[in-house]
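A short reminder: the numbers here are calculations on the coordinates, not readings from a lab. What you see is a predicted model; the values in this text were computed from it and never measured. Cβ placement follows ideal geometry from the backbone for every residue including glycine, while neighbour counts extend to all protein chains displayed.
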Amino acid sequence: MNSFTAFRFTSSEERKYYLKLFEYEYNFNRPHQGKDHQTSAHVFYQNYPIYRYYKLQQP
């Protein structure tokens, strides 16, 4: 059973909020076995370092 279907959201804003939390956890905190135990964001920034530079330059 998908853990995301266990929730009953009271509004679409609440659903969007929890989906963003899941997306952040999945891409920035959770290491992936198929990516040599690195996060998705880490692999992305290794392949496209200009995005990391751009992100750091944002206020």
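Rounded to the nearest whole Å³, what is the per residue volume of the convex hull around the Cα atoms of region 9-57?
91 Å³
Taking 0.36 nm per residue of sequence separation and subtracting the Cα-Cα distance, how much length would be gained by fully extending the chain between Arg15 and Tyr45, in nm to one decimal?
So the chain would gain 8.0 nm between Arg15 and Tyr45.
May I ask which residue of Val43, Asn27, Ser12 lies farthest towards the positive end of the charge dipole of region 9-57, with charges of +1 (Lys, Arg) and -1 (Asp, Glu) on Cβ and the Cα centre as origin?
Sorting the options by dipole projection puts first Val43.
Mind listing the long-range amide H neighbours of Gln38? Cut-off is under 5 Å, sequence gap 5 or more, other chains count too, H placed in the peptide plane at 1.01 Å from N.
So Gln38 has HN proximity to His32.
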